[in-house]
1. Looking only at the stretch 203-215, how many residues end up being open to solvent by 30 Å² or more (accessible area, probe 1.4 Å) and outside any loop (DSSP other than H, G, I, E, B)?
2. I'd like the full set of residues that are outside any loop (DSSP other than H, G, I, E, B) and among the hydroxyl-bearing types (S, T, Y), limited to the stretch 1-43.
3. Considering every residue within the stretch 280-297, establish whether at least one is more than 25 Å from D369 (Cα to Cα) and under 20 Å from the mean Cα position of the chain (by Cα).
4. Can you work out which of the residues in the stretch 164-179 that are open to solvent by 10 Å² or more (accessible area, probe 1.4 Å) and closer than 19 Å to N80 by Cα is nearest to the ligand (Cβ to nearest atom)?
5. I need the full set of residues from the stretch 44-71 which are touching a residue at least 24 places away in the same chain (Cβ under 8 Å), more than 16 Å from the ligand (Cβ to nearest atom) and either in a loop (DSSP other than H, G, I, E, B) or not aliphatic (A, V, I, L, M) (or both), in order please.
6. Which residue out of I112, I89, I21 is open to solvent by 10 Å² or more (accessible area, probe 1.4 Å), away from the ligand (no atom under 16 Å from the Cβ) and either at pLDDT 95 or above or under 18 Å from the mean Cα position of the chain (by Cα) (or both)?
7. Of the numbered conditions (1) at pLDDT 95 or above; (2) surrounded by 19 or more Cβ atoms within 10 Å (Cβ to Cβ), W240 fails exactly one; give the number of that condition.
8. Any residue at all in the stretch 129-136 that's surrounded by 24 or more Cβ atoms within 10 Å (Cβ to Cβ), of a type outside the set (F, W, Y) and either in the same structural domain as A117 (by TED's automatic domain parsing) or within 16 Å of the ligand (Cβ to nearest atom) (or both)?
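The values are calculated or read from the model by the stated rules, or taken from the named source; none is laboratory data. Keep in mind it's a predicted model, so treat the numbers as computed, not measured. Counting neighbours? That spans all protein chains shown, and the Cβs are built from the backbone with ideal geometry, glycine included. Heads up: the accessible areas ignore ligands, DNA and RNA and are worked out on the full protein's heavy atoms, side chains in. Shrake-Rupley method; radii C 1.70, N 1.55, O 1.52, S 1.80 Å.
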Amino acid sequence: MTVQSFFPPQRTLMGPGPSDIHPRVLQALSRPTIGHLDPLFIQMMDELKSLLQYAFQTENEFTIAISAPGSAGMEACFVNLLEPGDKVIVCRNGVFGERMRENVVRCGAHPILVDNAWGESVSVEKVEQAIQEHPDAKVLAFVHAETSTGALSDAKALGHLAKQYGLLTIADTVTSLGGVPLAVDEWQLDAVYSGSQKCLSCVPGLSPLTFSPAAIETIKARKTPVQSWFLDQTLVMGYWSGQQKRSYHHTAPVNTLYALHESLVLLQEESLTASWQRHQQMHQQLKQGLEQLGLTFVVKEEERLPQLNTVRIPEGIDDEWVRNYLLRQYNLEIGAGLGQFAGNAWRIGLMGYSARTENIALCLKALEDALTQCKR
Ligand SMILES: *Cc1c(COP(=O)(O)O)cnc(C)c1O
């Protein structure tokens, strides 16, 4: 049998990512591939860098996109900043905080855990206590927007706290970038990574990353080489910096970078503040509709992410049946619960281009139908 071309259906993506891709981003993706050392491509990369600086609200010279998904951005922060024996305060209130802990251990460093329950944000008081108990800690690591639970943490307070005690910060902004306020410089964050496929509404596969001058100094002062060749950012610095002649490190994912460039142009056209407002407004609309259906939120109101709505699955409703029904009947994807929330919560994403009135109307109609059908 000859395998035919693959034609995926047009789904509406309202899960934890990937989100719906703007048609302009898909068009950008299909433009002609040029060499990754082509002068025009290098120009495009320089623009991409300044667009990322805008999105992150930073003037950090080292602001790039790693040629791999968000998890690689996470790993890049840990492997570059940490050396064996270092102590790291890791805030854990969901899946991604736990993944940070694993990264610390794999670097030969020591994690000091600050736990909060799933669905809660990181407690700034607990973090301060941990820092006081471990004055030799080098880094504070936390997730700004915990996609596994839908909780938002106070990255500004955590950033300032870390600086007050002389710690570097590693901040996961994979789901927050573009969706909720984030100001890397003002909040004094040091190593910050994100993902292309959440509120930026680009295709998956890239991880925006920015390092502060303090993070760069720490990396340059390393006594041991970074154990990962691919993620060693000292080797990539030359490749992304405009001043030096660009040298080969790895083949850049040329077309995917066009797509990220276009998604950031879209963000610039809309403006960051307008994008944050849109996510908040769409969240309020969705919230109203979900509550009318009798669904309740897992996270308390003040700590909720607008772009990731975690709701409890009502008693007697079959999780998998409902999600399959939405996919089959409405071409609509919502997210399953993860970890502790598997089987008892849904995660409804309103990220980037998915955060639109039409999507909310579809989602509410589809859920109402599914819940009625399931109860029969
Ligand atoms: C999605 C996500 C990641 C991982 O990103 P991938 O692109 O899936 O590797 C990390 N952290 C958070 C908070 C995320 O939501």
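1. Total meeting the criteria: 2.
2. Across the stretch 1-43, the qualifying residue is only T12.
3. So far as the stretch 280-297 goes, yes, one or more of its residues are more than 25 Å from D369 (Cα to Cα) and under 20 Å from the mean Cα position of the chain (by Cα).
4. So the first thing to find is which residues in the stretch 164-179 are open to solvent by 10 Å² or more (accessible area, probe 1.4 Å), and the list is 164-166, 168, 174.
Restricting the remaining residues to those that are closer than 19 Å to N80 by Cα gives 166, 168, 174.
Numbers: G166: 26, L168: 19, V174: 4 Å.
My answer is V174.
5. D46, E47, K49, Q53, Y54, Q57, T58, E59, N60, E61, F62, T63
6. Working: I89 fails: open to solvent by 10 Å² or more (accessible area, probe 1.4 Å); I21 fails: away from the ligand (no atom under 16 Å from the Cβ).
The match here is I112.
7. In the conditions (1) at pLDDT 95 or above; (2) surrounded by 19 or more Cβ atoms within 10 Å (Cβ to Cβ), W240 misses (1) alone.
8. Among the residues of the stretch 129-136, not one is surrounded by 24 or more Cβ atoms within 10 Å (Cβ to Cβ), of a type outside the set (F, W, Y) and either in the same structural domain as A117 (by TED's automatic domain parsing) or within 16 Å of the ligand (Cβ to nearest atom) (or both), which makes the answer no.
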